[in-house]
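Just below is one structure, and these are the notes that go with it.
The values are calculated or read from the model by the stated rules, or taken from the named source; none is laboratory data. As the structure is a computational prediction, the values presented were derived from the model and not from experiment. Cβ: placed from backbone, ideal geometry, glycine included. Neighbour counts: every protein chain shown.
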Amino acid sequence: MLIRPAFCPSLTHIIAHPPIILTHLAVAYFVPPPPVSPARKFWTVFLPFSERGYETDQLIFGPRGEGSTNNVEIVVEIVTRSADASKRKRAIDRTLEGWCTSRGGSCDLRELPSLKLIFEKKMVEEVASDPTQNLSFNLNLTPSQQESRARVPLPYAHEGKPLDVSTSVILYDPDSADDLDDDDPDEDLDI
């Protein structure tokens, strides 16, 4: 359907999906639909999953074939291929829309009753975006603590010396337990 016909510069393809796919991706893969997560990340997970018929059937009909009770909601994937004559480039745009018979047709994904939980959970996560907010200890430094930390000398052997990028040198500070004599290293072995 996306191969350019000779007589039509643009083409639209509509694919219907059950809303449970989006719920499953949000719960199992932590990838909610594009208004909430990045579109590129969502489409890389959604497209391969939606093409696997067996997994989709398992989600819709259940493991024992008990069936789905949601017959009024559909997620519509709209694939639009347009030819931009000014740039001589074909672009493919993908969008998702909701279709709900109880609402009279097309609607936003956020308005589908089965998908409202996905968007509400994400909204709660966005409000609590600071991970240090409800801790019993303080991870932030005061300005005086930051100044004190900046004045601490770092224990590097080459500190203060200019580094010559053309030659490589290994700087080694021997410990008291190191054995650096020139004797036979295997003298303790009885060979």
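Any chance you could count how many residues in the stretch 15-44 are outside any loop (DSSP other than H, G, I, E, B) and under 19 Å from G98 (Cβ atoms)? Let's see the steps before the verdict.
Pass one, the stretch 15-44, residues outside any loop (DSSP other than H, G, I, E, B): 15-17, 20-28, 39-44.
Next, only the ones that are under 19 Å from G98 (Cβ atoms) stay: 15-17, 20-27, 39, 42-43.
Counting residues in the stretch 15-44 that are outside any loop (DSSP other than H, G, I, E, B) and under 19 Å from G98 (Cβ atoms) gives 14.
Report the residue count in the stretch 86-98 for those that are in contact with an Asp or Glu (Cβ under 7 Å, 6 or more places away or on another chain) and at pLDDT 80 or above.
3
Which of the residues spanning the stretch 134-178 are at pLDDT below 70 and within 35 Å of the chain's Cα centre (by Cα)?
Correct list: empty.
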